Amino acid sequence: MGADQTSTLPELGFYGLAGGPPTPAPLLEEAAAGEALGLGSMFLSERFNVKEAAVLSGAAAAASRHLGIATAATNHNTRHLMVTASMATTAHRLTGGRFALGLGRGIAPLQAAYGLAPITTAQLEDVAGLLRRLWRGEAIFGHEGPAGSWPVLHLDSTFDEDIPLLLVAFGPQSLALAGRAFDAVVLHTFFTDETTARAVATVRRAAEEAGRDPASVRIWSCFATIPSSLDEQVVAKRTVGRLATYLQGYGDLLVRTNGWDPGALARLRADELFATFPGAIDQAATPEQLEHLRGLIPAEWLAPAATGSDAACAAAVRAQLDLGVDGVILHGSAPDELAGVVAAYRRDRDAARFAGLDANPGRARRT
C-alpha cells in the first residue's frame, strides 16, 4: 500500500458532465482535470439535448492523452448500424485504442414516445456480433436477425480493429448477456450491496458457461459519490433528485431488482408533485421540492452511495471493490469535486491489486 499521488488509478472512473449542465463545454476541462487527478476513465452518458455521445467522445479524446473513454451508454437503434460502427472505429483510432463502445437498452417510455421499438436482449446480442464482424473487415450480405435486416453491411476490408464492447446492464438477462458476449459491464446506480454482489456473480457465471474466462469481463460499479464538501442543495439534487429521476423512468425495475418495498414506490407515485412533475426531477426540481421528495423516499433507498466526508466516501468506494467489481465510477461529481475523495482513497490503496488493469475501460487486463 502507498500514497503515490501521481499514479493513474485505472480502477476509478467518472462521468462527464455530471448533473446535466446546460452546455457541454465543461467536458473539455473535465477530461483534462480527471486525467490530471489520476482517474482512469471518463464515461459518457447520452441525453437528447446537449449530450450526444459521438460528439462528446471526440471532445474527450481531444482534451486528454491517456484517459480511457467509454459511452455508457448510447443505443444501437438511434443510429444506423453503419454509423455506430464507423463512429466507434473513428474514436478508437483517434484515441490510440482508449475508446470502448458502450450500449444499453435506454428508457423504454422515452423510446416509445419517440417511435423507437423496445430494445431486446436478442437485439443487443445480434448487434454485438455484427459490430465485431464489421470491425474485422467483413462484408455482411443479407443479414436477417433480431437487430434488423440489411442487404449489405461493410466498413473497410483492411480493418482488423479490437474495439471493446461494454454493456450498461440492469436485470439478470442483460447481466448474463454481458457475461457471454461483451467485454465489460456497467452496473446501475443505487444498487444495494446484495444486488451488486449478485450481479457480479451473474456476469461471471454467464461468462464461464459461454466458455470465457470469467475474469476477462470487466465489471464497473456505478456508485453515486457526493462528498459533503459540496453545497447542500447540490448534494440533494445529485442524491434525492437523481434517484427520483430513476424512479420516474423505471421505478418498478429498480425496486424489484433491489428487493425494496413496492408499497413505498406506490406511495411516491401517488404524490401529486412526483406524479405531475414536468420532465426529469434532477434537472428542474427546486430545493423545496427535493426536500418534499426526500420525505417520501425511504432512507435505505438512498443509502447505496458514497456520501459524507472525503474519508467516508473513500471507504465506501473501497467497500464496493470488495464486492467483486473491477472498478468504481464515481458517479455524480466532476473531477474538481472529487479531489479530496481521490486523495483519501490513495492513502489506503493496494496498488498491486490493480496492476495490469487496462487503460481502456472496456478491457479487463493489458494484453
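Rule-based calculations on the coordinates, nothing more; no lab input. Fair warning: this is a prediction, and the values are worked out from it, not measured in the lab. When we count neighbours, we look across all protein chains shown, and the Cβ atoms used for this are built from the backbone with ideal geometry, even at glycine.
Could you say whether any residue in the range 2-18 is in a helix (DSSP H, G or I), among the small types (G, A, S), touching a strand residue (DSSP E or B) at 6+ places or on another chain (Cβ under 9 Å) and crowded, with 19+ Cβ neighbours inside 10 Å?
Checking the range 2-18: not a single residue is in a helix (DSSP H, G or I), among the small types (G, A, S), touching a strand residue (DSSP E or B) at 6+ places or on another chain (Cβ under 9 Å) and crowded, with 19+ Cβ neighbours inside 10 Å.
For a quick check of your reading of the model, give me the residue pairs whose first member lies in the range 217-241 and is without any contact (Cβ under 8 Å) to a residue 60 or more places away in the chain, whose second is charged (D, E, K, R), with beta-carbon atoms closer than 9 Å and at least 6 apart or on different chains.
Once the first residue is without any contact (Cβ under 8 Å) to a residue 60 or more places away in the chain and sits in the range 217-241, its partners that are charged (D, E, K, R) give A236/E291; A236/R294; G241/D282.
Is it the case that some residue within the range 219-231 is crowded, with 22+ Cβ neighbours inside 10 Å, part of a loop (DSSP other than H, G, I, E, B) and β-branched (V, I, T)?
The answer is no, given that none of the residues of the range 219-231 is crowded, with 22+ Cβ neighbours inside 10 Å, part of a loop (DSSP other than H, G, I, E, B) and β-branched (V, I, T).
On the given criteria, is R212 assigned to a loop (DSSP other than H, G, I, E, B), farther than 22 Å from S309 by Cβ and of a type in the set (D, E, K, R)? Let's see the steps before the verdict.
Numbers: assigned to a loop (DSSP other than H, G, I, E, B): yes; farther than 22 Å from S309 by Cβ: yes; of a type in the set (D, E, K, R): yes.
Against the criterion (assigned to a loop (DSSP other than H, G, I, E, B), farther than 22 Å from S309 by Cβ and of a type in the set (D, E, K, R)), R212 qualifies.
Can you find even one residue in the range 136-148 that is assigned to a loop (DSSP other than H, G, I, E, B) and either of a type in the set (F, W, Y) or touching a strand residue (DSSP E or B) at 6+ places or on another chain (Cβ under 6 Å) (or both)?
no
With (1) in a helix (DSSP H, G or I); (2) within 22 Å of S174 (Cα to Cα); (3) of a type outside the set (A, V, I, L, M) as the list, and G106 as the residue in question, which single condition is left unmet?
It fails just one condition, (1).
Testing A244 on (1) under 30 Å from D358 (Cβ atoms); (2) buried (at least 24 other Cβ atoms within 10 Å of the Cβ); (3) touching an Asp or Glu at 6+ places or on another chain (Cβ under 8 Å), one condition comes back false. Which one is that?
(1)
Looking at the range 96-129 only, could you name the residues that are surrounded by 23 or more Cβ atoms within 10 Å (Cβ to Cβ) and either touching a Lys or Arg at 6+ places or on another chain (Cβ under 8 Å) or farther than 30 Å from D252 by Cα (or both)?
R98, F99, A100, L124
For the range 187-209, does any single residue satisfy the condition of being touching a residue at least 40 places away in the same chain (Cβ under 8 Å), out of contact with any strand residue (DSSP E or B) (no Cβ under 9 Å at 6 or more places or on another chain), outside any helix (DSSP H, G or I) and farther than 18 Å from E300 by Cβ?
No, the conditions are met nowhere in the range 187-209.
Please enumerate the residues belonging to the range 55-71 that are in contact with an Asp or Glu (Cβ under 9 Å, 6 or more places away or on another chain) and small (G, A, S).
Across the range 55-71, the qualifying residues are A60, A63, S64, G68.
So that you can scan it fast, the table gives a plain yes or no per residue for (1) under 28 Å from R365 (Cβ atoms); (2) among the charged types (D, E, K, R); (3) touching a residue at least 40 places away in the same chain (Cβ under 8 Å):
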| position | (1), (2), (3) |
| --- | --- |
| A32 | yes, no, no |
| L39 | yes, no, yes |
| M42 | yes, no, no |
| R47 | no, yes, no |
| T74 | yes, no, no |
| T89 | yes, no, yes |
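Do we find that R256 is surrounded by fewer than 14 Cβ atoms within 10 Å (Cβ to Cβ), of a type in the set (K, R), over 28 Å from A312 (Cα atoms) and over 17 Å from the mean Cα position of the chain (by Cα) in this structure?
Working: surrounded by fewer than 14 Cβ atoms within 10 Å (Cβ to Cβ): yes; of a type in the set (K, R): yes; over 28 Å from A312 (Cα atoms): yes; over 17 Å from the mean Cα position of the chain (by Cα): yes.
Spelling it out, R256 is indeed surrounded by fewer than 14 Cβ atoms within 10 Å (Cβ to Cβ), of a type in the set (K, R), over 28 Å from A312 (Cα atoms) and over 17 Å from the mean Cα position of the chain (by Cα).
Might you let me know whether the range 290-313 holds any residue that is assigned to a strand (DSSP E or B) and surrounded by fewer than 22 Cβ atoms within 10 Å (Cβ to Cβ)? So that I can check it myself, show each step before the final result.
Of all residues in the range 290-313, those assigned to a strand (DSSP E or B) come to 306-308.
Keeping just the survivors that are surrounded by fewer than 22 Cβ atoms within 10 Å (Cβ to Cβ) gives 307-308.
Checking the range 290-313: at least one residue is assigned to a strand (DSSP E or B) and surrounded by fewer than 22 Cβ atoms within 10 Å (Cβ to Cβ).
With the condition kept exactly as written, say whether any residue in the range 149-158 is of a type in the set (D, E) and assigned to a helix (DSSP H, G or I).
no
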